[in-house]
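The values are calculated or read from the model by the stated rules, or taken from the named source; none is laboratory data. Predicted model, so just to flag it, every value in this text is computed and none were measured. Quick reminder, even Gly has a Cβ in these numbers, built from the backbone with ideal geometry, and neighbours come from all protein chains shown.
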């Protein structure tokens, strides 16, 4: 099911949680809504589900305007952050709930419900646990019950709110891979909310980066990491450092000095962003220049923290990757140039 | 090895625990309960034992005793049932909606706790009497409320309401909104969400409220005697019969009725407690 969101605005007591948000989700896509808390990602998910209604704008399911359809009518599968299982029902009763509450002719007979429940249990690899109560399950198992329950109603779209937020790191990794396989197998249009960029980049076909009630960028993991569209995306995703610079005649000037890096376009003040790994140590006068204040080993790399003096003010702090085989002494001076960078006019 | 079997074979009162003070608090609780509850009850049973089995059964066989017991437990049961239903609705209103006067209603719920029961009884009797404000409304249907068992139920409903509201309210406040939303996304309408998702979760609390209201209703005296009419075999409650026996200096007879009431009450409360323990274990509340 295709979903398109058109110029959505959502206010809570005059506070705009979402401001003019538009997004197209293709059928069968796995989309991550990524952003810090308060960015409006959960609000957007709830609007798609019909748990909240937009102040302005429209939501289309396919060609049908679903903006004012009730949540019961929208037929969406929603998995809540804390699972929201019915604790007085067994696993099987939880999963079958959505079928049992259907009215009249659309309600499948009991035997059919039982068959579907055991099918779903098999799909989420929980066969044999149908008679357990939710409090007898581990967090990861509850999560999968919640997913099976959402899938039971054959939803047009599957929505997950921080699906792995409450799980420990190892289980989270396992479930993440499992969800990707599950999605590839069932081909449901899926939207999930997360604040964990690693999760979003690894799992999603496309990542929607949100901040302050707006969409900052939509793109593949490569897009948002390699070609960030805004200063926010650059600093939110992955590690990065930034320095105030001036563009003049194709040269990037830092504190009035050329740093030996040319920029094709632009003129005037700006902000230079670069990642720790996109830096080269150089032996030239026209380069960035600072003192090593700390050095730490990070998995296969070594990161040096560098302070760049700033005429009486607090020094600029940047982090760069240095070669493992070339030890840098604390307090020594380093000269370096970014090899890949981006300038945002500031 | 011999040591461990000896330890595991015997029932240990005190499990090793990092929470201190078990011995002291248990000792205090037992002493306190003995003083306040067990010793008076033992005295009651001892006193009624002076009747002997035959005397005891003759009290029990008296139809006036039987009717009084039936009226006491029957009206208390019906009143507790009514309170269980309407108390949940009142709690729902107080928890779920913001409206002007909510705090006032919240405070009003406790009034039956604070009001002297005799005052309540007189007020209710005046209102529900055949010529009273409310009683007169029912007269065209030939329905008399005051001075009949219906009147007793009215009084007990009044007395028992706060028990249900106050036990259900805090549990209701803790209901996770997500659970209701989950039910809605699965296609359940409001009615189905309430009956299949919310109420079963509230059941242990409702049962507790019901048990408290019921127990209170069985023991209620002050408000009932004003509205009941106290006609033997019709609207005479067991506590009143006890007082009547006492006034006849028939102490053994009075304590015998009291002992029977005690046994029935205890059995019913025990059963309710067992149901609660079962549902708690099942739903993982405790």
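Just one of the listed residues (B:140, B:130) is in a helix (DSSP H, G or I), more than 14 Å from chain A (Cβ to nearest Cβ), at pLDDT below 90 and surrounded by fewer than 18 Cβ atoms within 10 Å (Cβ to Cβ), namely B:140. Out of B:45, B:41, one residue alone is out of contact with any helix residue (DSSP H, G or I) (no Cβ under 6 Å at 6 or more places or on another chain) and part of a helix (DSSP H, G or I). It is B:41. For segment B:75-90, the condition of being at pLDDT 95 or above, surrounded by 11 or more Cβ atoms within 10 Å (Cβ to Cβ), over 19 Å from residue B:208 (Cβ atoms) and out of contact with any strand residue (DSSP E or B) (no Cβ under 6 Å at 6 or more places or on another chain) holds for at least one residue.
Filtering segment A:86-132 to residues that are within 14 Å of another protein chain (Cβ to nearest Cβ), assigned to a helix (DSSP H, G or I) and touching a helix residue (DSSP H, G or I) at 6+ places or on another chain (Cβ under 7 Å) leaves A:91, A:94, A:95, A:96, A:97, A:98, A:99, A:100, A:113, A:116, A:117, A:120.
Anything in segment B:120-147 that is in contact (Cβ under 8 Å) with a residue 40 or more places away in the chain and within 23 Å of residue B:233 (Cα to Cα)? List them, or say none. If the condition is that a residue be in contact (Cβ under 8 Å) with a residue 40 or more places away in the chain and within 23 Å of residue B:233 (Cα to Cα), then B:121, B:122, B:124, B:125, B:128, B:146, B:147 are the ones that fit. Mind checking which residues of segment A:1-16 are surrounded by fewer than 21 Cβ atoms within 10 Å (Cβ to Cβ) and either in a strand (DSSP E or B) or free of Cβ contacts under 8 Å to residues at least 12 places away in the same chain (or both)? A:4, A:6, A:7, A:9, A:11, A:12, A:13, A:14, A:15, A:16, listed by residue number.
For every residue, the table says whether it meets (1) surrounded by 21 or more Cβ atoms within 10 Å (Cβ to Cβ); (2) facing chain B (nearest Cβ under 8 Å); (3) in contact with a helix residue (DSSP H, G or I) (Cβ under 7 Å, 6 or more places away or on another chain).
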{"position": "A:43", "(1), (2), (3)": "yes, no, no"}
{"position": "A:57", "(1), (2), (3)": "no, no, no"}
{"position": "A:69", "(1), (2), (3)": "no, no, no"}
{"position": "A:72", "(1), (2), (3)": "no, yes, yes"}
{"position": "A:84", "(1), (2), (3)": "yes, yes, yes"}
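Would a scan of segment B:192-209 turn up a residue that is away from chain A (no Cβ under 14 Å) and either part of a helix (DSSP H, G or I) or surrounded by 16 or more Cβ atoms within 10 Å (Cβ to Cβ) (or both)? Yes. From the list A:281, A:288, the one residue that fits, being under 16 Å from residue A:245 (Cβ atoms) and either in contact (Cβ under 8 Å) with a residue 12 or more places away in the chain or assigned by TED's automatic domain parsing to the domain that holds residue A:224 (or both), is A:288.
Within the option set A:181, A:202, being more than 17 Å from residue A:39 (Cβ to Cβ), surrounded by fewer than 16 Cβ atoms within 10 Å (Cβ to Cβ), touching a helix residue (DSSP H, G or I) at 6+ places or on another chain (Cβ under 9 Å) and not assigned by TED's automatic domain parsing to the domain that holds residue A:290 holds for one residue only, A:202.
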